[in-house]
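Shown next, in structure tokens, is the structure this report addresses.
The values are calculated or read from the model by the stated rules, or taken from the named source; none is laboratory data. Just so you know, these numbers come straight off a predicted model, no measurement behind them. In this analysis, Cβ positions are derived from the backbone assuming ideal geometry, glycine residues included, and neighbour counts consider all displayed protein chains.
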Amino acid sequence: MKKNSKIQHNAELSILLDSIQGVSWTTDSETISKFSKDLFYSSKKADVIIQPRGTNEISRVIQAVQSSEFKIAVRGGGLSYSAGYLVERENTLLLDMRFCDQIIEINADDMFVIVGAGTTWKKLDEALQPHGMRAAFWGTGSGLHATVGGSLSQNAINYGSGKYGTAAENVTGLKIILPNGKEIRTGSWADNKNMQPFNRYYGPDLTGLFLGDSGAFGIKAEIALPLILRPAASAFIAFAFESITDFSAALTEVGRNAVVSECFGFDQSFLAERAVSGGFAEGLDSMRGRLLKEFRTGLKKSDDSRSAKEIDGLRPFTAHMSVDCRDNFELQSSMSLINQICNKHRGLVIDGELMRAIREKPFPAPEMLLGANGDRWVPMHGVIPFSLYKGLLVEIEKFFKLREVQLKKEKISWSHVSNLIGNSRILVEVNLYWRDSIPDSFEDFLDEEFINGHNRHPHNSDVYNGVKLLRSELINLFQKFGSTHLQIGKTYPYLTTRMGNVSELILTLKTELDPAHRINPGVLGLE
């Protein structure tokens, strides 16, 4: 930028900031540096970070931007890995939504809660607990930092997904600030006499337009979520399977019966020594050892004809489930059905301590960011129907088998985990680990003692680029199975994979809502 244009740019920024007096902002270089990174990518730096504290301040900021040259990127908790909130254009402001974290209304009669978009899942769950209620989808494992608004922009799964599906499927209404600064509400909340957000569906589903959009169509200011009564009875159960055939058949049959709140399915590396993401519980390594011993002991006590040495060499696939019910009668019935299904597919019962530990501390610090040896971590995933599940797992195994030389040379390790979504879909996530320097942004998520307790590695651009290539190739693999994706951002293909008329409609909507393409440019494949 030439000197004169830089002076003009700074003058325009000063005018804009003067016009939103009372709204917090910062140009602190350390904060801007951290906010120019997600879990994998680095980007240009924002000119300023603006930190609104509610709907009115969001609206003021968006209106002020209308007469300026600036673009806006929107950030929630900052734990995504698909470049969705990263700055890619000059003259960009970053909207930090974490201070829009008010619990606005808990309506126990009509079973909904309204929160500011920056509310974390942990804060929401703690607010609902004294009322004996819970959100149906009640958060991600990263919910100590992950925000409700960010999760809905990305879409997400985890707690409650086995029964209730994705985060986006569990919204009754949104309060949106459009790119022109105007406010709209959706569903029954949009009634001109200020009706309450008890019903998402009244006419076209406008709520859905702003979910999973990576923030492209508007800024989520307030969100209404449906509530359920907190379960009166819960139990945790796990199974080990020798074959991928039995493992995949058991998970999908359990899923079709919609009896689990969560189900995590781990590949053979989980109970072995290969690096996997931690943060599940204290003493994860010793837990894995106990579960592996339990599996092998169970086989030795059965009619298995193999020698003890052969059995000791086995590494099983494992499924870990939580079951939430209204009472013990329903709980026992559900547990009996799960046992019946998994026994049919030659699953061996092991202790459910992993899920129990997760539920005891559902929102831990995101220690999975670092592997056991200080390795960096990044996941890639796809969502597929049950009928394609086994085939995808087999192809993933083949994919990495063909790349063993590269993986060994670059010291890249991998594992995969599966998550049930409702009674018809499953998410498969591949975790990649590689040796690299630790970004400064991790300091906001992990304490100094934890970081210093891990090995440090220098940045190696060749290995980083190798991981980047693996991610691109994994996307191609998922696409062969017709996979969809969460947190599309600027990484997963969206616009280019839609039928022509759909792409045209999406482009038309973007241009209608955001003619200057100011809000989150680049996401979903949009300019």
- For the range 487-527, what are the residues that are in contact with a Lys or Arg (Cβ under 9 Å, 6 or more places away or on another chain), among the β-branched types (Val, Ile, Thr) and either modelled with pLDDT under 95 or in a loop (DSSP other than H, G, I, E, B) (or both)? THR491
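Starting from residues that are in contact (Cβ under 8 Å) with a residue 40 or more places away in the chain and assigned to a helix (DSSP H, G or I), keep the ones in the range 125-136 and report whichever is surrounded by the fewest Cβ atoms within 10 Å (Cβ to Cβ).
So, considering only residues that are in contact (Cβ under 8 Å) with a residue 40 or more places away in the chain and assigned to a helix (DSSP H, G or I), the one surrounded by the fewest Cβ atoms within 10 Å (Cβ to Cβ) is GLN129.
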- Task: With respect to ASP96, determine if the residue is farther than 26 Å from ARG185 by Cα, among the charged types (D, E, K, R) and at pLDDT 95 or above.
- Result: no
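Given the criterion at pLDDT below 85, at negative phi and surrounded by fewer than 15 Cβ atoms within 10 Å (Cβ to Cβ), identify the matching residue among SER302, SER277.
Numbers: SER277 fails: surrounded by fewer than 15 Cβ atoms within 10 Å (Cβ to Cβ).
The conditions single out SER302.
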- Query: For residues in the range 137-147 being out of contact with any Ser or Thr (no Cβ under 7 Å at 6 or more places or on another chain) and part of a loop (DSSP other than H, G, I, E, B), which is modelled with the highest pLDDT?
  - Reply: TRP138
- Query: Name the pairs whose Cβ atoms lie under 9 Å apart, with the first residue in the range 392-418 and at negative phi, the second of a type in the set (Asp, Glu) and in a helix (DSSP H, G or I), and 6 or more positions between them or separate chains?
  - Reply: PHE399/GLU473; ARG403/GLU473; GLU410/ASP462; HIS416/GLU397
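Just name the residue that is farthest from the chain's Cα centre (by Cα) out of those in the range 484-504 that are buried (at least 21 other Cβ atoms within 10 Å of the Cβ) and among the hydroxyl-bearing types (Ser, Thr, Tyr).
Residues of the range 484-504 that are buried (at least 21 other Cβ atoms within 10 Å of the Cβ), as a first pass: 485-492, 494.
Remaining after also requiring among the hydroxyl-bearing types (Ser, Thr, Tyr): 491-492, 494.
Numbers: THR491: 14, TYR492: 14, TYR494: 17 Å.
Here the answer is TYR494.
In the range 94-123, what count of residues is obtained for those that are of a type in the set (Phe, Trp, Tyr) and not in a strand (DSSP E or B)? Break it down into steps so the answer makes sense when it comes.
Step one: of the range 94-123, the residues of a type in the set (Phe, Trp, Tyr) are 99, 112, 121.
Narrowing the set further to residues that are not in a strand (DSSP E or B) leaves 99, 121.
Residues that pass the stated criteria total 2.
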- Within the range 287-326, which residues are closer than 21 Å to VAL254 by Cβ and either part of a loop (DSSP other than H, G, I, E, B) or not hydrophobic (A, V, I, L, M, F, W, C) (or both)? GLU294, GLY298, PRO316, THR318, HIS320, SER322, ASP324, ARG326
- Query: Which one is nearest to TYR464 (Cα to Cα) among residues in the range 27-44 that are in contact with a strand residue (DSSP E or B) (Cβ under 8 Å, 6 or more places away or on another chain) and surrounded by 15 or more Cβ atoms within 10 Å (Cβ to Cβ)?
  - Reply: PHE40
- Kindly indicate which of PHE247, PHE270 is part of a helix (DSSP H, G or I), of a type in the set (Phe, Trp, Tyr) and over 30 Å from ASP96 (Cβ atoms). PHE247
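Just name the residue that is surrounded by the fewest Cβ atoms within 10 Å (Cβ to Cβ) out of those in the range 183-204 that are among the charged types (D, E, K, R) and in contact (Cβ under 8 Å) with a residue 12 or more places away in the chain.
GLU183
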- In the range 70-88, anything under 19 Å from THR26 (Cα atoms) and not hydroxyl-bearing (Ser, Thr, Tyr) is listed as PHE70, LYS71, ILE72, ALA73, VAL74, ARG75, GLY76, GLY77, GLY78, LEU86, VAL87
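Residues being basic (Lys, Arg) and either touching a residue at least 12 places away in the same chain (Cβ under 8 Å) or in the same structural domain as GLY212 (by TED's automatic domain parsing) (or both): count how many of those fall in the range 481-501. Steps first, answer last, please.
Pass one, the range 481-501, residues basic (Lys, Arg): 490, 498.
Those still in the list that are either touching a residue at least 12 places away in the same chain (Cβ under 8 Å) or in the same structural domain as GLY212 (by TED's automatic domain parsing) (or both) too: 490.
Looking only at that region, the number is 1.
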- Any idea which residue in the range 72-87 is surrounded by the fewest Cβ atoms within 10 Å (Cβ to Cβ), counting only those that are in a loop (DSSP other than H, G, I, E, B) and aliphatic (A, V, I, L, M)? ALA83
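May I ask you to say which residue of GLU57, GLU90 is touching a residue at least 24 places away in the same chain (Cβ under 8 Å) and part of a loop (DSSP other than H, G, I, E, B)? Please lay out each step first, then the result.
Details: GLU57 fails: part of a loop (DSSP other than H, G, I, E, B).
Result of the check over GLU57, GLU90: GLU90.
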- Note on the structure: Contact list, first residue from the range 337-350 and at positive phi, second anywhere and surrounded by fewer than 16 Cβ atoms within 10 Å (Cβ to Cβ), beta-carbon distance below 9 Å, six or more apart or interchain, is ARG346/SER243
- Query: Given the structure, is LEU477 more than 25 Å from LYS220 (Cβ to Cβ) and of a type in the set (A, V, I, L, M, F, W, C)?
  - Reply: yes
- Task: Answer yes or no as to whether ASN373 is outside any loop (DSSP other than H, G, I, E, B), surrounded by fewer than 20 Cβ atoms within 10 Å (Cβ to Cβ) and touching a residue at least 60 places away in the same chain (Cβ under 8 Å).
- Result: no
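If I go through the range 445-467 residue by residue, how many of them are exposed (fewer than 14 other Cβ atoms within 10 Å of the Cβ) and either more than 22 Å from the chain's Cα centre (by Cα) or at pLDDT 95 or above (or both)?
Pass one, the range 445-467, residues exposed (fewer than 14 other Cβ atoms within 10 Å of the Cβ): 447-449, 452-453, 455-456, 458-459, 461-462, 465.
Keeping just the survivors that are either more than 22 Å from the chain's Cα centre (by Cα) or at pLDDT 95 or above (or both) gives 448-449, 452-453, 455-456, 458-459, 461-462, 465.
So the count comes out to 11.
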- Cβ-Cβ below 7 Å, separation at least six or inter-chain, first residue in the range 219-241 and over 16 Å from PHE329 (Cα atoms), second charged (D, E, K, R) and outside any strand (DSSP E or B): which pairs? ALA238/ASP351; PHE241/ARG346
- Entirely in the range 148-236, the helices (runs of 4 or more DSSP H) that have 1 or more residues that are among the basic types (Lys, Arg) and under 30 Å from ILE338 (Cβ atoms): 161-164
- Task: Please specify each residue of the range 382-425 satisfying the condition of being under 17 Å from GLY466 (Cβ atoms) and in a helix (DSSP H, G or I).
- Result: PHE399, PHE400, LYS401, GLU404, VAL405, GLN406, LEU407, LYS408, LYS409, GLU410
- Does at least one position in the range 348-358 carry a residue that is farther than 30 Å from LEU299 by Cβ and of a type in the set (D, E, K, R)? no
